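Laboratory data are not the source of any read-out in this text; all were calculated from the coordinates shown. Only a predicted model underlies this, so the values are computations on that prediction, with no experimental measurement involved. Glycine gets a Cβ as well: all are built from the backbone with ideal geometry, and neighbour counts include every protein chain shown.
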Amino acid sequence: MRPSGRQTNEMREISIETDVTMHAEGSCLIKCGNTHVLCTATIDARVPPFLKNSGLGWVTAEYGMLPRATNTRMRREAKNGQSGRTQEIQRLIGRSLRAGVDRVALGERQIVVDCDVIQADGGTRCASITGGWVALKLAVQKLMKAGDVISDPLVDPVAAISCGIYAGQEVLDLDYPEDSEAGVDGNFVMTGGKLVEVQMSAEGSTYSRAQMDALLDLAEKGVSELKVAQLAAVS
């Protein structure tokens, strides 16, 4: 039995509220159970120096957690500098979102996606990628409405979900009690039915090829449900 009482293939409740900030070109608040992430997208006419005069666009991301997003207060990273974990997660978010972007169609501009975790209960990087795509899509829609972009540079939604082996069972969408006790923990990023990135590791026990395939099946189910929520949010 899972701590939440969910079935092994059951997601947490997902909600995505859009246009939650007045200044960002795209914004949403994504809630995956008790994990809540504010995602905003900012359009910048400047690209990084290595892309200047290339005709290619760029999508990047920044990630952070509020001090009381977790059980105990964390010190602000603005005061102490970014942790290795934060840097790794924001690079993952950026890589994942770029996988679904036609950078030629985007044109020579940059979109920065900020993902700020308000409340954490496991799966914050996955929620950030899923919500980050929604914020990105809303910003692109504004570019298209203004005529600055002719064809949609977002080929397909990008979403992410965690799966793992908890109490000997393959489970979908781990919350914190499961994540902290999981024997195997994995994050699956997908777009258009294809894998973008898989982060998977044994956390005290090894796993078989059959178990990995079972986790991938669960991830495909979860991402398909997230895609429905994403498209509903931006339609």
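Considering only the chain, what is the antiparallel percent among its DSSP beta bridges, to the nearest 5?
Close to 85 percent.
Helix 124-145 versus the longest principal axis of the chain: what angle, 0 to 90°, nearest 10, using Cα atoms?
Once rounded, the angle reads 20 degrees.
Between residue 54 and residue 66, 0.36 nm times their residue separation minus their Cα-Cα distance comes to what? Let's see the in-between values first.
Values: separation 12, 0.36 × 12 = 4.32 nm, distance 3.67 nm.
Contour length minus Cα-Cα distance gives 0.7 nm.
What does the charge add up to near residue 7, with Lys and Arg as +1, Asp and Glu as -1, over the other residues with Cβ less than 15 Å from its Cβ?
In short, -4.
Can you compute the radius of gyration and Dmax for the chain, using only the Cα atoms, both in Å?
17.7, 56
Which entries in 31/227; 52/142; 31/52; 31/221 show an alpha-carbon gap greater than 26 Å?
31/52
Given R₀ = 35 Å, FRET efficiency for residue 150-residue 17 by Cβ-Cβ distance, to 0.05?
0.75
How many angstrom lie between the Cα centre of segment 188-235 and the Cα centre of segment 99-116?
23
I'd like the Kirkwood hydrodynamic radius of segment 34-76, using the inverse of the mean 1/r over distinct C-alpha pairs, in Å. Intermediate results must be reported in sequence, preceding the final value.
Numbers: mean 1/r = 0.0733 Å⁻¹.
Kirkwood hydrodynamic radius for segment 34-76: 13.6 Å.
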